[in-house]
Structure formats: C-alpha cells, structure tokens
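Heads up: the structure comes next, in structure tokens.
The values are calculated or read from the model by the stated rules, or taken from the named source; none is laboratory data. None of these values were measured; they are calculated from a predicted model. So basically every Cβ, Gly included, is an ideal-geometry build from the backbone, and we count neighbours across all protein chains shown.
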C-alpha cells in the first residue's frame with residue numbers, strides 16, 4: 001500500500017499540479033485508463049473547492065492537503081481544505097448545510113453556486129464519495145476500483 005501526500009498553498013495555480021499528480025498515482029495504482037479522466041476532473045473540482053474555501057478567510061494560510069492511497073483494491077483520494085467548519089449533522093447533510101462555505105459576509109453568491117456545482121460534478125464522477133466538515137476542515141473523500149491488491153489477497 002502506497003500513500004502519497006501533497007500539500008500546497010491555497011492558490012488556484014496549484015490545482016493543476018494536484019490533478020497531474022493524482023492522475024500519475026492513479027495510473028501507477030492500476031486504475032483503468034478509461035477512468036483516469038474522471039479522477040483528474042474530480043480532483044480538480046475538489047481542490048478548486050478547497051481553494052475557494054480559503055477565499056473568504058484572507059488571514060488563513062493553512063495548506064490544502066491531498067492524500068492518495070492505493071490500498072485494499074481501491075484508489076482513494078482525500079482533499080482537506082484545512083478551514084475549520086462547524087460539524088455536520090445528519091439533518092444538516094439532508095439540507096446541504098456545511099457542504100459549501102458561508103460567503104454571505106462578502107456577498108459572493110456566485111462562489112456559493114460554483115461550490116454546489118463542483119460537488120454535483122464530483123458526485124457524477126466518483127464511485128464512492130464522502131463529504132465531511134469539522135474543526136480540522138472540510139474533507140472530500142473519493143475512491144475508485146484499482147488494480148492494486150490488498151495484503152489479504154496477495155498470496
């Protein structure tokens with residue numbers, strides 16, 4: 001099981017690098033060639049969303065963290081924006097609360113719509129998706145089947 005972690009300043013120009021690294025690691029992990037574009041697009045959307053979370057906090061210099069893991073027959077990606085948010089409740093998840101930043105303070109309704117659209121795009125690209133928010137930041141976890149063998153199946 002190989003784990004790759006990428007940390008970058010929350011700047012839009014670093015999203016492309018995250019996409020390229022994710023595609024390279026996915027290819028090495030045995031993700032089907034036909035799925036690589038989905039991986040690349042989903043990582044791009046998740047990282048763009050994470051960068052957007054920082055836009056409303058000019059004094060926040062925490063990095064965006066992307067963790068790539070090819071264990072247990074799945075290729076998993078976790079994108080953590082590092083921006084502390086209120087924890088999500090099941091009721092809040094049902095209503096979509098906490099999945100997008102509260103940008104009402106700067107009047108940026110367009111950013112809010114872009115974040116919602118980004119999650120919709122990710123949902124259409126990913127086999128397995130988990131979105132969470134809490135004191136450690138917002139986290140998007142995604143995974144796809146891979147050719148990697150788990151320690152239990154190698155034998």
Completion exercise
The residue that is surrounded by the fewest Cβ atoms within 10 Å (Cβ to Cβ), considering only those in segment 45-69 that are at pLDDT below 90 and assigned to a loop (DSSP other than H, G, I, E, B), is 59
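Give 42, 29, 2 a once-over and let me know the one that is out of contact with any helix residue (DSSP H, G or I) (no Cβ under 6 Å at 6 or more places or on another chain), within 17 Å of residue 146 (Cα to Cα), buried (at least 19 other Cβ atoms within 10 Å of the Cβ) and in contact (Cβ under 8 Å) with a residue 60 or more places away in the chain. Break it down into steps so the answer makes sense when it comes.
On the way: 42 fails: out of contact with any helix residue (DSSP H, G or I) (no Cβ under 6 Å at 6 or more places or on another chain); 2 fails: buried (at least 19 other Cβ atoms within 10 Å of the Cβ).
Within the list 42, 29, 2, the selection yields 29.
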